[in-house]
1. How far apart, in nanometres, would the label points at residue 82 and residue 64 be if each is projected 7 angstrom from Cα along the Cα-to-Cβ direction?
2. So how far apart, in nm, are the two label points at residue 161 and residue 129 if each is 7 Å from Cα heading toward Cβ?
3. Within the chain, what is the longest stretch that has no GluC sites (Glu not before Pro) placed in a DSSP loop and near at most 12 other beta-carbon atoms within 10 Å?
4. Using Cβ contacts closer than 10 Å as the measure, can you line up 218, 167, 175, 226 from fewest to most?
5. Select from the chain the helices, each a whole stretch of DSSP H, whose alpha-carbon atoms run 30 Å or more along the helix axis and whose Kyte-Doolittle mean is at least 0.0; answer none if there are none.
6. Residue 22 to residue 121: extension gain in nm, 0.36 nm per residue of separation minus the Cα-Cα distance?
7. Note the listed values (1) 1.35; (2) 0.97; (3) 0.90, then indicate which one is Cα Rg over 2.2 N^0.38 Å calculated from this particular structure.
8. Can you give me the distance in nm between label points at residue 142 and residue 182, each placed 7 Å from the Cα along the Cα-to-Cβ direction?
Amino acid sequence: MTEPTTTAGVRPASRADPPARRISKHALLIIFGVVMIYPLLWMVSSSVKPTEVIFRDPSIWPRQFDLGNYTDGWTALAQPFHHYLWNSAVIAAASIVGNLLSCSLAAYAFARLEFRGRRTLFAAMLATMMLPIHVLIVPQYVLFSQLDWINTSLPLIVPKFLATDAFFIFLMVQFIRSLPRELDEAARMDGCGHLRIYWRIIMPLSVPALATSALFTFIWTWNDFFSQLIFLTNPDLYTVPVALRSFMDGQGETAWGQLFAMSIVGLAPIFGFFLAGQRYLTQGLATTGLK
């Protein structure tokens, strides 16, 4: 009878975490989750409280409901609030189209084309990510003022069609580099040029990266306050962030209930867009750095 042999260096299978440890982990995550979501819950609660009660009753569960903040806030400004939602939606939609088209073209050039100075230009493009908007806003304002674009939506839309967001170029470059070049070679054998390869091969395979770029573009554009405040001075052109500022009075008489109510309305499209693209967002971020 032979004795069973053992392999040196093989460790026994690790045991599962004990129940107490799992419970403590979940409890800790729940605590951190509550801390993170508490400001949002407090704003939702404050949006249905009378303005004079908001700071006297800081509890999450309101003792008295006042849905009038939503109806009054919707018509409190110069235009109904759906007017500002539409302005933000137009700028966000145009920004998404511009970023997806221009940044994907630039990313294809960096990832697939061989040309002199490619590495230098790519490094310079990445360096622009370190420039804060406060450094760029003054020359941009001077340029757009000379073009007579101030108080229009053009300064917020046109740059998106010129591949000015280096982050999305970098994201798409990393994704395109993960795609096998054999696909390009097979397309060239069928007579495809770079434009057809880009449109027929690269773009359909880059849906996760494109969806991730679209999601971030929508969130950043929808929440952008500084640039829109600088370039938009006509109240009829205000977007949601700038319109929300109109609820705040410099004299200290801010309509907090209406402000919180319309803030919840302004957050709704972001939540909807995020939930719709969450699957593509996870897939795009997971596959961007493969190569």
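Derivation of every value follows stated rules applied to the coordinates shown; laboratory data play no part. Keep in mind the model is a prediction, meaning the values are calculated, not measured. Don't worry about glycine lacking a Cβ; one is built from the backbone with ideal geometry, like all the others, and counts go over all protein chains shown.
1. 3.1
2. About 2.7 nm separates the two model spin labels.
3. Counting only loop sites that pass the neighbour cut-off, the longest clear stretch is 115-252.
4. Working: 218 22, 167 16, 175 27, 226 12.
The order, fewest Cβ neighbours first, is 226, 167, 218, 175.
5. Within the chain the helices that satisfy the rule are 19-46, 81-112, 256-287.
6. On the way: separation 99, 0.36 × 99 = 35.64 nm, distance 4.93 nm.
Full extension of this stretch gives 30.7 nm more.
7. Evaluating Cα Rg over 2.2 N^0.38 Å on these atoms matches (1).
8. Simple spin-label model gives 5.4 nm for this pair.
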